[in-house]
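For reference, the structure discussed in these notes is given below.
The values are calculated or read from the model by the stated rules, or taken from the named source; none is laboratory data. From a predicted model like this one, the values you see are computed outputs, not experimental measurements. Cβ: placed from backbone, ideal geometry, glycine included. Neighbour counts: every protein chain shown. Protein only, heavy atoms only, side chains kept; ligands, DNA and RNA dropped before computing areas. Shrake-Rupley method; radii C 1.70, N 1.55, O 1.52, S 1.80 Å.
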Amino acid sequence: MEKNILDCVIIGSGPSGYTAAIYAARADLKPELYTGLQAGGQLTTTTEVDNFPGYPEGVTGTQLMMDLQKQAERFDTKVHFETITKAEFATQKGGVHTLWAGDKEILARTVIISTGASAKYLGLDDEQKYAGGGVSACATCDGFFYKGREVIVVGGGDTAAEEATYLAKLCSKVTLLVRKGEFRASKAMVHRVMNTENIEVKFHHELIGIEGENNLVERAVVINNQTKDTAKIEVHGIFIAIGHKPNTDIFKGQINLDENGYILTEKGSSHTNIPGVFAAGDVKDPVYRQAITAAGSGCMAAIDAERYLAELEG
Ligand code: NDP
């Protein structure tokens with residue numbers, strides 16, 4: 001029996017995946033979307049989203065993702081609550097790509113990868129306990145809740161420096177915990193941090209615990225890893241900014257990635273180095289990482305996929 005070859009398969013169910021689905025479905029590509037383990041993506045782990053255009057009163061991350069799913073389904077996107085576990089991309093233009101969800105084989109002319117990135121955490125039990133109660137990995141998403149309050153940022157890279165300077169504009173004080181005696185961040189970012197009055201940098205300091213009533217952060221327990229002295233800092237928010245890991249493990253060796261594992265796309269487009277494979281959202285974006293930028297790049301990927309198919313058909 002001849003196997004069904006789909007025009008468009010979308011991997012991932014964050015804002016980029018669902019936006020790609022909306023556009024691909026409206027272009028009659030009959031997309032099928034595989035949600036992955038965390039249906040709805042990173043946004044389902046945040047609380048209120050106040051910066052997504054079109055929601056003047058704000059919206060919860062979960063509601064926003066349910067709305068995007070509904071909108072994609074309205075145009076006949078088939079949503080599979082399954083995880084793509086393996087991919088084999090055809091390297092020739094017009095080739096058919098093969099994906100697997102466990103034992104199930106899926107054939108597609110175009111694939112849009114929107115598998116996102118996962119924020120890295122320290123691995124403390126308390127991070128789980130206080131998630132949603134003061135522990136966050138996104139200052140742009142959650143910083144607003146700590147207006148006028150004291151917060152901690154953990155990390156010494158560009159993300160931590162950027163989160164700290166962003167939070168310093170909202171919060172009364174930001175304590176930045178850097179585990180080494182130096183930053184990994186670029187000179188320009190370090191300069192900004194060092195010249196922001198309400199940021200205190202504590203080198204050689206690590207977060208080892210969190211305290212608070214009713215799963216709400218009240219204190220951070222920190223250690224000086226040189227003297228081994230511990231201390232408690234009164235804070236309401238703790239931002240973990242030690243990097244993100246793009247979800248590209250299953251594509252390694254098949255598609256061009258940068259040194260941190262992000263998918264490389266042609267400038268100003270969603271084209272990867274493989275014809276018919278497109279990337280959208282955080283999986284290709286170490287810089288902006290916002291729901292709205294992810295949604296925008298999902299739209300680009302669907303348009304690129306549609307044009308690629310149209311070109312094949314002549
Ligand atoms: P990085 O990997 O560059 O930095 C991670 C930081 O977190 C390092 O300081 C690291 O410490 C620290 N860290 C890691 N694990 C732990 C831990 N368990 N406990 C305490 N600290 C820890 O990640 P970023 O997300 O900052 O940046 C990723 C990439 O994205 C970089 O290339 C960066 O330049 C880029 N980027 C660019 C931006 C921009 O251009 N505006 C903004 C944000 C990111 P150590 O140094 O000791 O290993």
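Measuring nothing but protein heavy atoms, the accessible surface of the chain at 1.4 Å probe radius is 49 percent carbon and sulfur. Sorting the segments 194-200, 109-115 by their mean number of nearby beta carbons within 10 angstrom, highest to lowest, gives 109-115, 194-200. Ordering 132-139, 285-292 by mean Cβ neighbour count within 10 Å, with the highest value first, yields 132-139, 285-292.
Taking one equal scatterer on every alpha-carbon of the range 121-240, how large is log10 of I(q)/I(0) by Debye at q = 0.16 1/Å? So the normalised log intensities are -0.67. Here the range 112-162 and the range 197-269 have alpha carbon centers that stand 7 Å from each other. Annotation: per residue accessible area for the chain equals 50 Å², rounded to a whole number [probe 1.4 Å, protein chains only].
For the chain, the list of Cys residues with no other Cys C-beta under 4.7 Å reads C8, C171, C299.
Taking every C-alpha pair closer than 8 Å and separated by at least 6 residues, the mean separation divided by the residue count of the range 231-314 gives a relative contact order of 21 percent.
Charge dipole (Cα centre; +1 on Lys/Arg Cβ, -1 on Asp/Glu Cβ; no other charges) of the range 61-126 amounts to roughly 360 debye.
With a cut-off of 12 Å between beta carbons, the residues surrounding P286 carry a summed charge of -3, where Lys and Arg count +1 and Asp and Glu -1. Of all DSSP bridge pairs formed entirely within the chain, close to 45 percent run antiparallel.
Which lysines, on any chain, are close to K3 with Cα under 24 Å apart, when same-chain ones fewer than 8 places away are left out? Result set, ordered by chain and number: K30, K78, K86, K93, K104.
Averaging the sequence gap over all C-alpha pairs within less than 8 Å and six or more residues apart, then dividing by the number of residues, gives the chain a relative contact order of 21 percent. So what is the 222 nm mean residue ellipticity for the chain from helices alone, if each DSSP H run of at least 4 adds -39500 (n - 2.57) and you divide by all residues, rounding to the nearest 500 deg cm²/dmol? So the calculated ellipticity at 222 nm is -7500 deg cm²/dmol. Taking amide H as placed 1.01 Å from N in the peptide plane, the amide H of T175 sits under 5 Å from that of V151, I152, V153, E200, each at least 5 places away or on another chain.
Karplus-based coupling profile of the range 240-247, in residue order and whole Hz: 8, 10, 9, x, 10, 10, x, 8, with θ = phi - 60° in 6.51 cos²θ - 1.76 cosθ + 1.60 and x standing for Gly or Pro. When DSSP beta bridges are restricted to pairs lying wholly in the range 121-240, around 40% turn out antiparallel. Globularity index of the chain is 1.09 (Cα radius of gyration / 2.2 N^0.38 Å, N = number of residues). Close Lys pairs in the range 121-240 (alpha-carbon distance under 14 Å; sequence gap of 8 or more, or different chains): 7.
Residue by residue, the range 86-91 carries 3J(HN,Hα) couplings of 7, 9, 9, 8, 6, 8 Hz when phi is fed to the Karplus relation 6.51 cos²θ - 1.76 cosθ + 1.60 (θ = phi - 60°); x denotes Gly or Pro. Our coupling estimate for the range 274-288, obtained by passing each phi through the Karplus curve with A = 6.51, B = -1.76, C = 1.60 and θ = phi - 60°, is 9, x, x, 10, 10, 10, 9, x, 4, 5, 10, 10, x, 9, 8 Hz, Gly and Pro reported as x. Of the peptides 12-18, 37-43, the ranking by mean beta-carbon count within 10 Å, highest at the top, reads 12-18, 37-43.
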